[in-house]
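First comes the structure, then the notes that go with it.
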Protein chains: 4
Amino acid sequence: MNDDREPIRDVAHLGRVELLTPEPERSLWYFHDLLGMEAVHREGASVYLRGYGDYAASTLKLTEAAKPGVACVHWRAVSPQALERRAAAIAATGLGIGWSNGDFGLGPAYRFRDPDGHVMEIYYEESRYEAPAPLRSTLKNLPQKFTGRGAAVRRLDHLALLAADVPTNRAFAEETLGFQLREQVRYDNGAVEIGSWLSPTTVHHQVAYVVDARGGHGRLHHLSMWVDDKSDVLRAADVLRENGIFIEAGPAKHNNSQGFYLYSYEPGGNRVEVYSGSFLVFAPNWQPVVWNEAERGTGVYWGGALPESFIEYATPDIERPAERRAVPVVDPR
Amino acid sequence: MNDDREPIRDVAHLGRVELLTPEPERSLWYFHDLLGMEAVHREGASVYLRGYGDYAASTLKLTEAAKPGVACVHWRAVSPQALERRAAAIAATGLGIGWSNGDFGLGPAYRFRDPDGHVMEIYYEESRYEAPAPLRSTLKNLPQKFTGRGAAVRRLDHLALLAADVPTNRAFAEETLGFQLREQVRYDNGAVEIGSWLSPTTVHHQVAYVVDARGGHGRLHHLSMWVDDKSDVLRAADVLRENGIFIEAGPAKHNNSQGFYLYSYEPGGNRVEVYSGSFLVFAPNWQPVVWNEAERGTGVYWGGALPESFIEYATPDIERPAERRAVPVVDPR
Amino acid sequence: MNDDREPIRDVAHLGRVELLTPEPERSLWYFHDLLGMEAVHREGASVYLRGYGDYAASTLKLTEAAKPGVACVHWRAVSPQALERRAAAIAATGLGIGWSNGDFGLGPAYRFRDPDGHVMEIYYEESRYEAPAPLRSTLKNLPQKFTGRGAAVRRLDHLALLAADVPTNRAFAEETLGFQLREQVRYDNGAVEIGSWLSPTTVHHQVAYVVDARGGHGRLHHLSMWVDDKSDVLRAADVLRENGIFIEAGPAKHNNSQGFYLYSYEPGGNRVEVYSGSFLVFAPNWQPVVWNEAERGTGVYWGGALPESFIEYATPDIERPAERRAVPVVDPR
Amino acid sequence: MNDDREPIRDVAHLGRVELLTPEPERSLWYFHDLLGMEAVHREGASVYLRGYGDYAASTLKLTEAAKPGVACVHWRAVSPQALERRAAAIAATGLGIGWSNGDFGLGPAYRFRDPDGHVMEIYYEESRYEAPAPLRSTLKNLPQKFTGRGAAVRRLDHLALLAADVPTNRAFAEETLGFQLREQVRYDNGAVEIGSWLSPTTVHHQVAYVVDARGGHGRLHHLSMWVDDKSDVLRAADVLRENGIFIEAGPAKHNNSQGFYLYSYEPGGNRVEVYSGSFLVFAPNWQPVVWNEAERGTGVYWGGALPESFIEYATPDIERPAERRAVPVVDPR
């Protein structure tokens, strides 16, 4: 912000992500048995899940579809007024779709697309989770019992989206949604914006936009679930490996975000991260950290590199057009 | 908020705490050598310190004084306008002291007292830390090298204050400062408010007000520094114990806040916590979790109890008046 | 060893413990669901269990009985010849019971009592565990899949026995069984041997003899199961607490043994420890570490104390005779 | 053992390793400042170091030399008689060099070469470490204060040696030294023994012999220092990276040994591992786990691969002869 306007802070946090899967039962097995989430509701072709520490009824919606990918990204507003303001601002950009009555557990929502085409919603009203007796915790401030099943992820943390044009989507997230830009990767002396990490809250990033190496639109790089300690990420790797899940990368530490990551593919094909570490951003006037080619390196802090698939693969999967093979690519976190 | 006003969100976070110590050199040894903080500035009777992950130049000011305690609690506003609004609101309560030119690294600040008498300031401008060459990190997004010295605390997290009258101070923090109430301990069917935990940010609490069992004013229960993993807290206990520091309680897990705590006394007498775990609060309409006598129990989740000193001792230390010996007491976190 | 004889090293390790429980189904739920062990065999009133890292078919036998306690402690010899030598040496003490054909998974065993009356066996032949397909690990050197269920204990570590007369039992373990004495607690200028910790292997101790404050015989203080990291012990505490299990002490760190402990009571009443940390002893001429009253303190390294029950309760539970109320007591690890 | 002889168990453990370094001051900085070891003695061109948990006076000897590598591997015998027996057995193989008066802190030692030419010694007498006052621990059973400096490695764990002919060296370690074979990598339907991991104690391996891809002799692959928890290995990676040390691989988990590894090069050029996890082997009749090409894969359990340098580089470094470029290679752990 170069002027004296106050920052927009109308979005509270990432509220829910709807994933598409062509393998609904096996995807459910992955999220329920291996990541340890609870299934709280079924409706149509969808199952609604939650981490044991999520305060909302559901933060992950799994919907059967022909191809994997992200169907909708839901953001919670800080107040009814904030919801109205953001809906108006989005509508003014021409990206609005319109009001819906709200998905399971959610109140009225304003539906829209980001410039790249990812469908999103913003809502305010949300049902708090009320655990049934067998899932009640002995901790009054924990919405649900810690079952310890599988990786036992605590809560939804963030997601990374691919976009054909990063600057436009980043600017939309900053200016229209009011997110704070936390980090960027810029190549060619800053001329090419490869990726941007943004957040509406103190969590380092709740959305990343990274250039789609294949020139697609509306694609998902990964969804990320939080565990409290790095040791929980190591444990998750054992759980996934013992259950035949392909681990694409990690556990290891990114340099940008300082995230301690573990990437695997859920059986429907979507990349899912089990995540810890990173850092909270408290500064109201945070200066984005910008990494050039040399500073960025492989994106892995301790050494080594991310595999080629980390750059090339996203959901839904598409062919890489021959003419885009020279586009600079980067791993999105 | 029972009405339709939007919540006040003018304070960004706890910015700095000034501690008093009658043992300045030994207190510095504790924070520098054992907690692993850096000393970045000296001025008069004060030394300014920082955790390796604090983005600001300094988050802890140690000042020589006859008795230990907290001299000032500094809160950062989210914008210049927010600073003006909070200053006006505080002034309207009659608790204002006036504007100062700002302490080391800080811009103009509005000084005031909370109802119990703790001196506080609110400011907006703040110098970001620029590490000298030997302290530059290999991580561009880390303001300072991780030295790994001692407990290597990452950043300031919160503090707990005692107050003769909790409800009045809690209401001031909610209504005038705009903090969100996260948890409470209420006894006697809710009639007696023993403690309240509040925060201006997603961190579970950045200030707690707990009843002063001795009827004092302006006293400090503890200051808390963050480490990323629970294993870091265990390691800190070894570091403190090997260096002859008295550990009052922990490492263990509180039920309220879910904090993983380790309490020791720095040589000046102030209680200091090395802290991890807990949980972030994202809900804009968070419903405070209220614990009664039975639910609260000893305040320790896994079992056991906090020692008597945890209730009785605070800085500066005072005698317990005979007539207050029947007042309900609680351990403040 | 003050002479030039070579140390006896005929026992390889603690092989199996048979626990008695008046609540067999609930005890099984504790060990299977909460500690994450597998049940591999049922025979008569017994269920045989194992940790995922135990190489043997079973390391824990749960047998229904009127009262809890330890029924048998099985030690594995290093060779057939070593078994013969130990059987002969034990027989020579008059404590032998005789040869048995061996329990499930074990070859011929020589049965005996320690001087306090605990029944023990020594055997050499043992079936290695061959996991059925669903429990096969993706690690060829892991005998069984890491399921991650509950606390997911890895293997049997040690047990602590009470004895009316510690020196006699300790001397039997040293001289007749050939265990190395690792640590002792001695009060009254060394005159009163309160407890001794011994091991036939590099594991710090595999058996402890601690004075029975109630003058009983053949009683069990606790059985201990290993997890690899201290973070696993913390996680186990959450699992136990969420499932309504009483946690008597910990997670915390003992001074003697340096063990990182978590003590709970399984539903049958036996005290069970989830354990990590401690240290390996490699020295062939290890000098026992002897703690006096002051050095020993509460037995807790970081501070605090073990509860009274830790001294008073063992299985089977008995009344404390009035005349023994002045006997020095110590917490056994 | 296919016959009925009892296993030889005359060696207690790996006692000391002497490393050569052309950069003695910087190597000392690495081991003292970054790994957190103490320097206890200087003699000639050597400095003697120790981990805080090593019971012996010194477990690492750093000696200035033109090239890096391993100068001597010291094994401790279990008794004076065991020392005599091993010396006689080694002498009978023709690999003996003769008796020495013993290095700093060690009694008389019998010096020899393994078949590949690595110099070794076996000794029995050893000085226990007596910490000077500033390094005395508050734990009576800890030989030295836990300083928490740098990675704070606890103790020497193992080393990996390259050999032109693995089977001969492995057989020498098994039959003449009496080590137990724990794991092997065998290619070509078992015909080619790529590497073998052996130990005289419960620690999974204290020496590995891996084929020297360059046909050299007497070379060192790596030296390994133990830390208690996997979280300590992660922390070590941050410490090394912040201090400009090249991390070759890890933190990650091997499949064979289950070791949680972190490999870096100390400034003298030797590869050093900070290590945790793995598992203890208690079985007196342990059946070696043998991995073929497919089972072995990259040697990394969770995914990914070790870098080419991990196969190619050892100390002292030599050229790879053209004629050996087709030799199967494997990463040695």
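Projecting the Cα atoms of A:TYR263, A:GLY244, A:GLN287 onto the dipole axis of the range A:208-317, where Lys and Arg carry +1 and Asp and Glu carry -1 at the beta carbon, places A:GLN287 farthest toward the positive end. DSSP beta bridges fully contained in the protein assembly as shown are about 75 percent antiparallel. Applying 0.36 nm per residue to the separation of C:TRP99 and C:ARG5 and subtracting their alpha-carbon distance, the gain on full extension is 31.0 nm. What fraction of the DSSP beta bridges in the range B:76-214 is antiparallel, stated in percent and rounded to the nearest 5? If I count the DSSP bridges inside the range B:76-214, around 80 percent turn out antiparallel. Annotation note: chymotrypsin sites (Phe, Trp or Tyr not before Pro) in the range C:175-278 located in DSSP loop regions with a Cβ neighbour count of at most 16 within 10 Å are C:PHE246.
For the range D:1-71, applying the loop criterion from DSSP together with a ceiling of 11 other beta carbons within 10 Å to the trypsin sites (Lys or Arg not before Pro) yields D:ARG5.
Distances, shortest first, from the label point of B:LYS67 to those at the same position in the other copies read 5.8, 7.2, 7.2 nm; the point lies 7 Å along Cα to C-beta. Secondary structure note: in chain D, about 75% of the DSSP beta bridges are antiparallel. FRET efficiency for the C:GLU64 to B:GLN287 pair, using the beta carbon distance and R₀ = 56 Å, is estimated at 0.75.
This model, with +1 at the C-beta of Lys and Arg and -1 at the C-beta of Asp and Glu, gives the protein assembly as shown a dipole about its Cα centre of some 0 debye.
Distance from the axis that maps chain D onto chain B is least for the Cβ of the chain D residue given, with the whole Å value, as D:SER231, 2. Rounded to the nearest 20 debye, the dipole size of the range D:81-228 about its Cα centre is 620 debye, using +1 on the Cβ of Lys and Arg and -1 on the Cβ of Asp and Glu.
Mean sequence separation of contacting Cα pairs (under 8 Å, at least six apart), scaled by the length of chain A, corresponds to a relative contact order of 18 percent. Using a 1.4 Å probe over the heavy atoms of the protein chains, calculate the carbon and sulfur portion of the accessible area of the protein assembly as shown as a whole percent. Solvent-exposed carbon and sulfur of the protein assembly as shown make up 50 percent of the total.
For the pair B:ALA92 and A:ALA133, a Förster radius of 41 Å applied to the C-beta separation gives a FRET efficiency near 0.30, rounded to the nearest 0.05. Every Cα-Cα pair of chain A was included, and the share exceeding 25 Å stands at 49 percent. Think of it as helices only: each DSSP H run of n ≥ 4 in chain C is worth -39500 (n - 2.57), and spread over all residues that comes to -4000 deg cm²/dmol at 222 nm.
Which links in B:LYS253/C:LYS67; C:LYS145/D:LYS230; B:LYS67/C:LYS253 stretch past 26 Å when you go from one Cα to the other? With Cα atoms farther than 26 Å apart: B:LYS253/C:LYS67; B:LYS67/C:LYS253. Look at where the Cα atoms of the range B:1-53 and of the range B:210-249 average out, and the two centres are 15 Å apart. Each part reduced to its alpha carbon centroid, the range D:130-180 and the range D:54-71 end up 12 Å apart.
Legend: calculated FRET efficiency, B:ILE318 to B:ALA39, from the Cβ-Cβ distance at R0 = 25 Å, rounded to 0.05, equals 0.25.
Distances from A:PRO288 to itself in the other copies, using label points 7 Å out along the Cα-Cβ axis, amount to 4.0, 5.8, 6.8 nm in increasing order. So what is the relative contact order of the range C:196-317, in percent, for Cα pairs below 8 Å that sit 6 or more residues apart? RCO, the range C:196-317: 28 percent.
Build a GNM of chain A with springs between Cα atoms under 10 Å apart, and of A:LEU142, A:LEU177, A:LEU220 the one that fluctuates most is A:LEU142. Given label points at 7 Å from Cα along Cα→Cβ, what nm distances, shortest first, separate D:GLU319 from the same residue in every other copy? Ordered by distance, the counterparts are at 4.9, 8.9, 9.0 nm.
The values are calculated or read from the model by the stated rules, or taken from the named source; none is laboratory data. Given the structure is predicted, the values throughout are model-derived calculations rather than measurements. FYI the Cβ positions are ideal-geometry reconstructions off the backbone, even for glycines, and counts take in every protein chain you see. Quick note on the areas: whole protein, heavy atoms, side chains included, nothing else; ligands and nucleic acids left out. Shrake-Rupley method; radii C 1.70, N 1.55, O 1.52, S 1.80 Å.
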